[in-house]
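The values are calculated or read from the model by the stated rules, or taken from the named source; none is laboratory data. It should be emphasised that the depicted structure is a prediction, and the values quoted were computed from it without experimental measurement. As a convention, Cβ positions derive from the backbone with ideal geometry for all residues, glycine included, and neighbour counts pool all protein chains shown.
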Ligand SMILES: *Cc1c(COP(=O)(O)O)cnc(C)c1O
């Protein structure tokens, strides 16, 4: 019997046996006990599966990771302490010193910085391409040492929609996997693996938690990429790992298990960005209602976008649910049931108008956050991007009067009334 995604949200990942807890147990333990050192030794050699230290793996995390993997239609998943750690691990697991990554330029600022500054210092080069580039432009970005392609289903904050099939085709033609950050769409609205993506990442901090309570991340591997067929490109997966007695991940764990096992065994071991079991439990509470909440976030986003789109103090609105949006056609294909609750719009009157508008909002709070049950908003020019000049802002496609609103779960009429009265004050 194949369960629908709604049922997977509620019951996926953890299936209690007779007399076991109905809710997932929080295994609040750093360590695990064994009868013999031979038993424990097998775990250290990756000869047996089991738990020995929570810096690498914990049962609570694994229940939640298994649920997210089920939701995405992947083979295996893992949790990380943040979305930043998820994206770093997903990329660094296959692209290291002297390697190269092709990435959409329309991605989260933190990931842009991770690739263009921090990973550059580690010797990983990146070429950014426009999300709506032609297939020729995309293919031209690849080099002999390219190890993966990266993009976001719906980009934060630009709200562009990735043509996943186009990016997957180019990646596969060059013998590398496509990694898609699916944070904004969530698997409720898009499952990138169904469109050819190989690895999916999440900031679970956003809709998956959905209550502004817990920072976290997740990585899901589709288990479809044939590492051994491109063994020269992926020595980390296809040649023996001396730090685990010479096992070869792609041989020992196959297509389904190699990527996540290596990521856990090497990167979690050495960088230690594990999610805490307590926080994994909170994320699971969010997941139990994800399918119910996403519908309301999208309904509110659509209504607010339509209201703003017809207001004379607004220059333009970015929301792929609007037929006038340049990404509407892609949204119809990849996001037929809705996109997300995040809407951005430019106010006439720039920075000053934005400041007056935001000051007068009563329900919608000024926050550096999105995808919360409570609506919030941000003016990049006076917050996240305040070091930029007016000209730099225009170049980056972030006009001074741009405001990003994350529509929460409140009543849409109340949100529109709040926005309306604040617009009147300008
Ligand atoms: C927030 C976000 C991240 C970073 O996640 P954290 O949990 O804040 O570390 C990565 N990608 C996207 C698309 C995001 O929105």
Checklist entry - Is there a residue being under 23 Å from the mean Cα position of the chain (by Cα) and on the phi < 0 side of the Ramachandran plot anywhere in the stretch 233-240? => result no
Checklist entry - Given (1) away from the ligand (no atom under 16 Å from the Cβ); (2) more than 28 Å from residue 335 (Cβ to Cβ); (3) surrounded by fewer than 20 Cβ atoms within 10 Å (Cβ to Cβ); (4) in contact (Cβ under 8 Å) with a residue 24 or more places away in the chain, where does residue 270 come up short, assuming only one miss? => result (4)
Item to check | Residue count for the stretch 273-305, restricted to those that are more than 20 Å from residue 373 (Cα to Cα) and crowded, with 16+ Cβ neighbours inside 10 Å | outcome: 5
Checklist outcome for this item: Taking the stretch 187-225 and keeping residues in a loop (DSSP other than H, G, I, E, B), within 12 Å of the ligand (Cβ to nearest atom) and within 18 Å of residue 74 (Cα to Cα) leaves 204, 208
Checklist entry - Across the stretch 159-186, which residue is nearest to the ligand (Cβ to nearest atom) among those that are farther than 19 Å from residue 127 by Cα and part of a loop (DSSP other than H, G, I, E, B)? => result 183
Next on the checklist: On the basis of being modelled with pLDDT of 95 or more, more than 30 Å from residue 328 (Cα to Cα) and assigned to a helix (DSSP H, G or I), does residue 96 make the cut?
Outcome noted: no
Checklist entry - What tally of residues in the stretch 365-421 results from selecting those that are within 16 Å of the ligand (Cβ to nearest atom), surrounded by fewer than 16 Cβ atoms within 10 Å (Cβ to Cβ) and free of Cβ contacts under 8 Å to residues at least 40 places away in the same chain? => result 3
Checklist entry - Has the stretch 39-60 got any residue that is buried (at least 22 other Cβ atoms within 10 Å of the Cβ), in a helix (DSSP H, G or I), on the phi < 0 side of the Ramachandran plot and in contact with a strand residue (DSSP E or B) (Cβ under 8 Å, 6 or more places away or on another chain)? => result no
Checklist outcome for this item: Taking first residues from the stretch 196-211 that are free of Cβ contacts under 8 Å to residues at least 60 places away in the same chain and over 14 Å from residue 85 (Cβ atoms) and second residues anywhere that are outside any strand (DSSP E or B) and within 14 Å of the ligand (Cβ to nearest atom), the pairs with Cβ under 6 Å that are 6 or more apart or on different chains are none
Checklist outcome for this item: For helices (runs of 4 or more DSSP H) lying entirely in the stretch 239-352, having 2 or more residues that are more than 30 Å from residue 46 (Cβ to Cβ) picks out 277-287, 290-309, 328-334
Checklist entry - Does residue 313 fit the bill of being more than 26 Å from residue 86 (Cα to Cα), surrounded by fewer than 20 Cβ atoms within 10 Å (Cβ to Cβ), touching a residue at least 12 places away in the same chain (Cβ under 8 Å) and touching a helix residue (DSSP H, G or I) at 6+ places or on another chain (Cβ under 8 Å)? => result yes
Item to check | Residue in the stretch 131-144 that is out of contact with any helix residue (DSSP H, G or I) (no Cβ under 8 Å at 6 or more places or on another chain), more than 13 Å from the ligand (Cβ to nearest atom), over 22 Å from residue 326 (Cβ atoms) and in a strand (DSSP E or B) present | outcome: no
Checklist outcome for this item: Note on the stretch 267-297: residues more than 18 Å from residue 63 (Cα to Cα) and in contact with a helix residue (DSSP H, G or I) (Cβ under 7 Å, 6 or more places away or on another chain) are 267, 291, 294
Item to check | Within the stretch 68-93, considering residues that are closer than 13 Å to residue 273 by Cβ and in a strand (DSSP E or B), the one farthest from the ligand (Cβ to nearest atom) | outcome: 78
Checklist entry - Considering the stretch 317-327 alone, what residues qualify as being surrounded by fewer than 16 Cβ atoms within 10 Å (Cβ to Cβ) and either touching a residue at least 12 places away in the same chain (Cβ under 8 Å) or under 22 Å from residue 421 (Cβ atoms) (or both)? => result 324, 326
Item to check | Number of positions in the stretch 104-121 that are away from the ligand (no atom under 13 Å from the Cβ) and either farther than 25 Å from residue 135 by Cα or part of a loop (DSSP other than H, G, I, E, B) (or both) | outcome: 6
